[in-house]
Every structure is written in C-alpha cells, then in structure tokens.
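Values in this text are rule-based calculations from the coordinates and carry no lab data. For clarity, every value in this text was computed on a predicted model and none was experimentally measured. Note that we place each Cβ from the backbone using ideal geometry, even for glycine, and neighbour counts take in every protein chain shown.
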Amino acid sequence: QHQRTWKYCLDCIIKNYPLTCLLVILTNFLLDLNILDWNQENLIAVALGSAAHIWNGETHRSTETVNLNSNLKYISSVAWIKEGTYLAVGTSDGEVQLWDIETKKRLRNMFGHLSVVGAMSWNHYILSSGSRLGLIHHHDVRISQHHVGTLCHNKQSICSLKWSTNNKLLASGSSDGLLNIWPNDPGATVHCKPLKAIPHASAVKAMNWCPWQSEILATGGGMKDGFLRIWDVSTGKIIETTDTKSQICSLFWLPKTNELMSGQGLPKNQMKIWKYPTLTNSTDLYGKYFSKPVFISLVALSLALYMVPTISSSSVGPTNSCFNIVSKIS
C-alpha cells in the first residue's frame, strides 16, 4: 500500500483526502465493462479475471469471495443489490450469477445471453443485464423462470445500464453511441420501443441519474466526443452542455454539494468537479498515478476514486500490467 494526500480546495475550505493504492490485474476490455461496485454496507466488489474480491471499508480488509474456477471465462460486470449483501456477477460467456457474500455461496445461475454481460443494474428484485450483442434481459431473481423480459434496440454492445433513483426509468448506453430511455416494464418483449432514443457521437459509457431530480440524467462523450451533457429525459432536451476537451470515462453526482464529478481520459487524465446546473468547472484533481483514464464510483455520501490504464494488449482476459487506485472521501 501507498499513502498519498489530496489537497482539494472547494468553497475556500481545504480538505485532505487520504488515497489508498492497490495493485490489481484487469483486462484490456475494461472500457466496455463494469467491474467495480460499492454498496450501502461499505463493501467494494472488484472483479479481477475469473475472481471477484470484496474489500470491507470498515475493516480495510479484502477477501476473494467469488471465483468462477475457470481459465476460459472472466467476470465482466458486478452489481450489488441496493439493500443487502447479494452480488450479481456477469461473465464473459453470457451467464449471470447471484452470490450471497456473507455465506460466500452462489445462490443461482441465470442463462440467456449469448455474449459478454458487460453491464447490470438492479430495480428491487429485478436485475437488468446488458450484453455485447446489444440485448437487455430482465431477470426476476425470486422465481425459477427468471427471464421475464427482453429489450432489443441496440446494434452494438451495451456498455452502461442504470435504473433511475425512483426506479421508473432505465437508461442504456451502447458502443454505437445510442442512449435509450426505457419504461419500467420488466415483462417487455423484443418489440418494445424506448421512450427516448438519443444519439451521441461516440460510445455512451459514462452516465448517471441525478439523485435529487429523478428525470435528470448526465452523460459523457467518449474519445470522439468529450461533451458533458445534462438531459431532461421527460422532454429529451439538453439542459446544459460543456466541452471537456477529453474523453469522459465516468460520471457521479455529489449530493452534499449539488455537483457532478467526471473522470477524464487523455490528455490529462484528471478528475473534474462541475457546478450543477451551470456546469461551471469548479475544481480539477490531479494525481501522480493518474497517467491513464480515470474511473470513479460513488456510494451514499462517500466517494471512491480509482484509476485504470488502457492496455494495448490484444489478448482476451487478464494481463499483468495494471494499477488501481481506491480512495474514500467521507
């Protein structure tokens, strides 16, 4: 472990944030995957190859809780249920698993996808999963016939999936630059059309719903775009937009200060904090380890910051050169 202190000035108040650095192994397909999630119990799940490690924010200890026990597939996404310690695990061969982290037991396997499950999101007991083939499946984890609905409106990989804070709307982002807004209809068929289809200039990987305004969605453009946009999804119109001059890798709202944080890519690989709704850039955060695109994760009133590099290897699965940074801001 290494320790570092952020010196961050906001509203004339200097705060020092300890930064913990962890060495991990990830895949070169990370930009299309969602392999880190943080729940309300202060547990962080990080998927590394065919295993998922759980880091306890109270004890500062980690354990390997999930293992696929296979060299032929890897964990491609993780998602905590909103209340409790159940963890959904998506795999590279299209499987969705449900694990009880307290007992370290797999509760069930759910099949149906034919390709990598790169994104998942919970709506109570409905788990929505998106695959590299552009399909979204709704699973009711309480019943044996779990696959209750399918959404099919994307031609390329689903790289982000988020239920709104009031669970009424589902946003899906794909690598072909399409942002779709879907109704809460777990029994949807493949013929179901989205409420809104909003094109972007590049993949929609970075997006997040506003915690205090349920129909406000922030999206970030990829390498060919770089624009941060705030949408009113009820009208499909942009409230505000700004050019960040770089790839936006991740977005999270800061409820305490009514701000938005973005993790940026090249050329500076920094974190930016934006005033809402004006999108005035109030703060930039730089770190000596931030030589690659920055991804961030938010839970409750805490903030996790982590960095991962872009790996040039063309091999599938884990590689040996990667660095991960995790920090908690209370």
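Figures for the structure shown
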{"item": "Centroid-to-centroid separation of region 203-255 and region 166-199 [C-alpha atoms, Å]", "result": "16"}
{"item": "Phi to ³J(HN,Hα) by Karplus 6.51 cos²θ - 1.76 cosθ + 1.60 over region 50-67, Hz, x for Gly, Pro", "result": "8, 10, 10, 9, 10, 9, 8, x, 8, 9, 6, 10, 10, 9, 7, 9, 10, 9"}
{"item": "Distant-in-sequence amide H partners of Asn123 (H built 1.01 Å from N, under 5 Å)", "result": "Ser128"}
{"item": "Efficiency of FRET from Cβ geometry, Asn184 and Leu114, R₀ 30 Å, rounded to 0.05", "result": "0.75"}
{"item": "Extended-chain gain in nm, criterion 0.36 nm per residue less alpha-carbon gap, Lys155 and Lys168", "result": "2.3 nm"}
{"item": "Stretchable slack from Gln145 to Glu64, in nm (0.36 nm times residue separation minus alpha-carbon distance)", "result": "26.2 nm"}
{"item": "Theoretical gain in end-to-end length, Gln40 to Asp284 [0.36 nm per residue, Cα-Cα removed]", "result": "85.1 nm"}
{"item": "Label-point separation, Glu83 to Asn71 (7 Å along Cα→Cβ), nm", "result": "4.5"}
{"item": "In sequence order, calculated HN-Hα J values of region 228-234 (Karplus, 6.51, -1.76, 1.60; Hz; x Gly/Pro)", "result": "8, 10, 10, 10, 9, 6, 5"}
{"item": "Sorted by Cβ density within 10 Å, fewest first, the residues Arg229, Arg142, Arg108, Arg132", "result": "Arg142, Arg108, Arg229, Arg132"}
